[in-house]
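Asks: Got a structure for you, written out below as structure tokens; questions coming shortly.
The values are calculated or read from the model by the stated rules, or taken from the named source; none is laboratory data. Predicted, not measured: the structure shown is a model, and the values here were computed from it. Note that we place each Cβ from the backbone using ideal geometry, even for glycine, and neighbour counts take in every protein chain shown.
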Amino acid sequence: MKRSAINKVIGAAKLFFNQNGWTLPPSPRWDVTDFGLDSFLASGLVLVNLAEEVEYCEKLMYAVKNQLTPAHTHKKKKEDIICRIGKLVIQLWSKDPKKGESGDSFNVKINGVFCLVKSGDTIHLSAGERVTIVPGIWHAFYPSSEECIIGEVSTANDDLNDNFFSDAEVGRFSEILEDEPAIVKLVSDK
């Protein structure tokens with residue numbers, strides 16, 4: 001991913017956050033990824049780490065319509081994915097979707113209430129709604145609105161060792177081509 005493209009999407013995210021009343025903390029930790037697929041608008045995400053503590057973390061994310069965060073799971077992390085502004089679609093599986101549909105049903109908390117969902121089902125969230133994802137549940141998500149602010153509150157976050165993607169071509173961090181100076185330092189910058 002080119003640094004100029006990263007700078008541009010950070011600017012778009014900042015603008016959308018500001019337009020919707022989200023004030024970021026001083027010197028937030030930014031992350032921009034195309035998941036190593038070199039097609040940010042198809043598969044990509046802007047993340048802002050708001051809190052990074054030993055016990056928990058909080059993130060604010062920005063994505064545009066149909067921009068996919070690919071199917072993945074965590075072995076340790078439990079998280080609430082919260083639609084803050086816009087509309088968000090989350091697809092859930094009981095096992096790696098690349099290995100085929102299991103047809104299993106399982107319970108997942110949606111807005112604090114346990115609901116029975118079938119592996120592969122999609123859940124549509126409006127602003128303020130949330131889904132709780134426990135370790136081992138595979139999930140992918142994308143906005144169905146033009147732009148979306150997504151929140152995450154979770155147990156301690158380990159992006160290097162606790163993200164397992166269904167597609168082996170997917171990576172958590174992007175390779176960056178330095179074609180202009182960075183406007184912010186990314187989590188992955190050395």
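Asks: Take the residues of segment 147-158 that are of a type in the set (D, E, K, R) and buried (at least 17 other Cβ atoms within 10 Å of the Cβ): which is nearest to Gly112 (Cα to Cα)? Can you show your working first?
Replies: Step one: list which residues in segment 147-158 are of a type in the set (D, E, K, R), which gives 147, 152, 158.
This time we only want the ones that are buried (at least 17 other Cβ atoms within 10 Å of the Cβ), so: 147, 152.
Details: Glu147: 25, Glu152: 15 Å.
Selected residue: Glu152.
Asks: Which of the residues spanning segment 143-190 are without any contact (Cβ under 8 Å) to a residue 24 or more places away in the chain, within 20 Å of Ala5 (Cβ to Cβ) and of a type outside the set (Asp, Glu)?
Replies: Step one: filter segment 143-190 for residues without any contact (Cβ under 8 Å) to a residue 24 or more places away in the chain, giving 160-161, 168, 189-190.
Still in the list and also within 20 Å of Ala5 (Cβ to Cβ): 189-190.
If the condition is that a residue be without any contact (Cβ under 8 Å) to a residue 24 or more places away in the chain, within 20 Å of Ala5 (Cβ to Cβ) and of a type outside the set (Asp, Glu), then Lys190 is the only one that fits.
Asks: Here's something else I'd like to know. Here is a list: Lys59, Lys109. Which entry is of a type in the set (Lys, Arg), within 16 Å of the chain's Cα centre (by Cα) and modelled with pLDDT of 95 or more?
Replies: Being of a type in the set (Lys, Arg), within 16 Å of the chain's Cα centre (by Cα) and modelled with pLDDT of 95 or more holds for just one of Lys59, Lys109, which is Lys59.
Asks: Continuing with the same structure: Only residues that are surrounded by 14 or more Cβ atoms within 10 Å (Cβ to Cβ) and touching a helix residue (DSSP H, G or I) at 6+ places or on another chain (Cβ under 9 Å): list them for segment 166-182, please. Full working, then the answer.
Replies: Residues of segment 166-182 that are surrounded by 14 or more Cβ atoms within 10 Å (Cβ to Cβ), as a first pass: 166-167, 170-174, 176, 182.
Selection gives Ser166, Asp167, Ser174, Ile176, Ala182.
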